[in-house]
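One structure is given below, encoded as C-alpha cells.
A short reminder: the numbers here are calculations on the coordinates, not readings from a lab. Here the structure is a predicted model, which means the values were calculated and not measured. Here the Cβ positions follow ideal geometry from the backbone for every residue, glycine too, while neighbour counts run over all protein chains shown.
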Amino acid sequence: MDDKILITKEDGTEVEMTILLTFDSEDTGRNYVLYYDENDESGEVFPFYFDENDHSLHELETEEEWAMA
C-alpha cells in the first residue's frame, strides 16, 4: 500500500498527506482512511471513509463513526 495521498484543498492547492491507517468496518460496511500532514506541527489526524469504486473521500457522518475512528 502506498502511504501517501494527494488531497485538494478548497482553494485548489494540492497537499501530500501521509496515511496513518486504513481499515474496513463490518458494522458500517465502509472503508476508512486516517491521514495527516507531516509538515503540520499540530499533529491533527483527518478521518474519512472512502468509496472503493471512484476513490472519493467522504466526511464521517455519525458519532459512532467518529468514536470508531
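Name every residue in segment 22-39 that is touching a strand residue (DSSP E or B) at 6+ places or on another chain (Cβ under 7 Å) and over 23 Å from K9 (Cα atoms), in order of residue number.
Passing the criteria: F23, D24, S25, R30.
Name the strands (runs of 3 or more DSSP E) wholly inside the chain in which the number of residues that are surrounded by 14 or more Cβ atoms within 10 Å (Cβ to Cβ), of a type in the set (F, W, Y) and within 11 Å of the chain's Cα centre (by Cα) is 3 or more.
31-36, 45-50
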